[in-house]
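The values are calculated or read from the model by the stated rules, or taken from the named source; none is laboratory data. Quick caveat: nothing in here was measured; it's all calculated off a predicted structure. All Cβ positions, glycine included, derive from the backbone under ideal geometry; neighbour counts span all protein chains shown. With ligands, DNA and RNA removed, areas are computed over all heavy atoms of the protein, side chains included. Shrake-Rupley method; radii C 1.70, N 1.55, O 1.52, S 1.80 Å.
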Amino acid sequence: MPAPARRLLPAQVHLPSGGVARLSDAAARARASSVFGAPAGRGGERASLGRCALDVQVLAGPSVLADARGAPLDPLGLPLTDAHVLRALLASAGVVPEEPGAYTCENCSAPFEVAPSGLLEIGPFTDGELDDPELDRPFDFGVSHPIPALRVGRSVCRAVRLVERTVEEAMPLLRLPDDGVLRVTPSLVVAMGIAALGRERRAPVIADALASAPDEAWAAIVDLYHEARYPARLLAVYRCQGCGARNDLDVPLDRELARAPLRAAGVDGADTNELGEPRPTRPGARARASASSAFPDLDGFEARVRAAAGRIYEARGVRNIDLFIDAGVPACDDGGEPLLGCYTPGTPADALGIAHPPEIRIFYRTFRSEAREDPGFDIDAEIEETIDHEVTHHLHHLAGSDPLDDEEHEQITREELRRVGHAEAVRRARRGALSDVAGFVRATWPAWLIAAVGTALAWCAGGR
Ligand SMILES: [Zn+2]
Ligand SMILES: [Zn+2]
């Protein structure tokens, strides 16, 4: 089992349920080599058992897992969410193997391969900082969640209600081999924790309904399932080497229910629907295609941008700012978010006598992808807001300081801190991990700020 850049399993971690668990790196590695080291195939247990169940076997090994007092902890009794955090930590430390997934950059479409768990930020788990309103928000089991319509018995339902599950209760699902075929049976419905589809609560009826559910409804249920069982904090942020965009990846990569194909083509390529038929297209892909037809082509978009700019330049009393509509790969902000627009101050004449006027650049493709993702995206309002925002950067630049730019950098730093964890950021700063944005800023804020203001050439509007 190759384990590059080996990380130790943390000795103690906080879990989403509020509990604390102790882990033994040595015991976990010994156990993993017997669970995963056994030759696969020939009807061996490993070949016929799902990945999640194998990870649970590792956690169940002698001395691997203990409670806060050191007493042995049976993983079967854990809430599923806690167990998935522990699985993520096993993969992150290379205790259990994770093959690289094949992905496509959301901004420039360049393919890349990475094993995402190695990129997980584990600080908040080891330091007990699991209180972020977004990354640590518990799933709401008390309400029904809306889904696209599906037929249940003789009625049509538009909501699903999930209940919590322990590892033991979910085991029929966790044990399923990863052969891409999922048969929805009543016991699987119970293991998934689907308590009701609309008003229907009988597992056999729910199983029949899911087996014939339209792709859109199934995909929505799978997404809700992931939300319920995996904390949002279980993500890896991969920065595209080509364009710098941030791509958020599921951790761990191996999960008990495959999401409809979106990112990990290498994994999801084997995805099949509940009838065992391939799902060649992601359900959302069709909706996206129809939405994109409503989005203006480049010429139409440019005309709207130029008209808006004319009005805004006049209203704000500015002129001679070049306006460029960029149809290429959008630039990204320092946090890796693709930009809607950006501002570059002009430069005085250089040695060759060439001067550059200030420029506002608008990124066509970011507008198009935002419009695809959000049906409520108001193209003209967003164009106006973006140009107005960039004009503000221009005026601040002329005035000699840009508080808007400072604010944007602080926002990116705060966001990074929430994911990395405050205590971890401080540790990195102390270690002088200057390549890390959070640690860097924390350690050298004033010098960094001065340098940034002094050297920055572009003030950019966030893509979101
Ligand atoms: Zn990219
Ligand atoms: Zn800005």
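Of the residues making up region 59-72, those that are open to solvent by 10 Å² or more (accessible area, probe 1.4 Å) and either in contact with a Gly (Cβ under 9 Å, 6 or more places away or on another chain) or assigned to a helix (DSSP H, G or I) (or both) are ASP67, ALA68. Within region 337-349, at least one residue is farther than 25 Å from GLU407 by Cα and either crowded, with 22+ Cβ neighbours inside 10 Å or at pLDDT below 95 (or both). Just one of the listed residues (ASP131, ASP127) is open to solvent by 20 Å² or more (accessible area, probe 1.4 Å), free of Cβ contacts under 8 Å to residues at least 24 places away in the same chain and away from ligand 2 (no atom under 16 Å from the Cβ), namely ASP131. If you go through region 365-381 and keep only what is surrounded by fewer than 19 Cβ atoms within 10 Å (Cβ to Cβ) and either within 11 Å of ligand 2 (Cβ to nearest atom) or under 14 Å from LEU339 (Cβ atoms) (or both), you end up with ARG365, GLU370. Just one of the numbered conditions (1) away from ligand 2 (no atom under 14 Å from the Cβ); (2) under 30 Å from GLU121 (Cα atoms); (3) open to solvent by 20 Å² or more (accessible area, probe 1.4 Å) is not true of ALA425: (3). For region 40-55: of the residues being open to solvent by 70 Å² or more (accessible area, probe 1.4 Å) and not in a helix (DSSP H, G or I), which is modelled with the highest pLDDT? Per the criteria, the residue is ARG42. When the criteria are applied in full, ALA93 meets the requirement of being open to solvent by less than 10 Å² (accessible area, probe 1.4 Å) and either more than 16 Å from ligand 2 (Cβ to nearest atom) or closer than 30 Å to ARG368 by Cβ (or both). One residue stands out in region 387-399 among those that are within 11 Å of ligand 2 (Cβ to nearest atom) and open to solvent by less than 10 Å² (accessible area, probe 1.4 Å): the one that is nearest to the chain's Cα centre (by Cα), namely GLU390. For region 312-329, the condition of being touching a Cys at 6+ places or on another chain (Cβ under 8 Å), surrounded by 12 or more Cβ atoms within 10 Å (Cβ to Cβ) and closer than 22 Å to CYS240 by Cβ holds for at least one residue. Scanning region 153-183 for residues that are surrounded by fewer than 21 Cβ atoms within 10 Å (Cβ to Cβ), β-branched (Val, Ile, Thr) and either part of a strand (DSSP E or B) or at pLDDT 95 or above (or both) gives VAL156, VAL163, THR166. Applying a threshold of 9 Å to beta carbon distances and a minimum spacing of six or more residues, or different chains, the list of pairs starting in region 104-122 at a residue that is touching a residue at least 40 places away in the same chain (Cβ under 8 Å) and ending at one that is within 16 Å of ligand 2 (Cβ to nearest atom) and of a type in the set (Val, Ile, Thr) reads ASN107/THR366.
Is it fair to say GLY123 is in contact with a helix residue (DSSP H, G or I) (Cβ under 6 Å, 6 or more places away or on another chain) and over 21 Å from ARG255 (Cα atoms)? Considered against the rule, which asks whether it is in contact with a helix residue (DSSP H, G or I) (Cβ under 6 Å, 6 or more places away or on another chain) and over 21 Å from ARG255 (Cα atoms), GLY123 comes out as yes. Check region 430-443 and report whether any residue there is charged (D, E, K, R), within 25 Å of the chain's Cα centre (by Cα) and modelled with pLDDT under 95. Yes, the conditions are met somewhere in region 430-443. Across region 96-122, what is the total count of residues that are over 27 Å from PRO338 (Cβ atoms) and surrounded by fewer than 24 Cβ atoms within 10 Å (Cβ to Cβ)? Matching residues across region 96-122 total 4.
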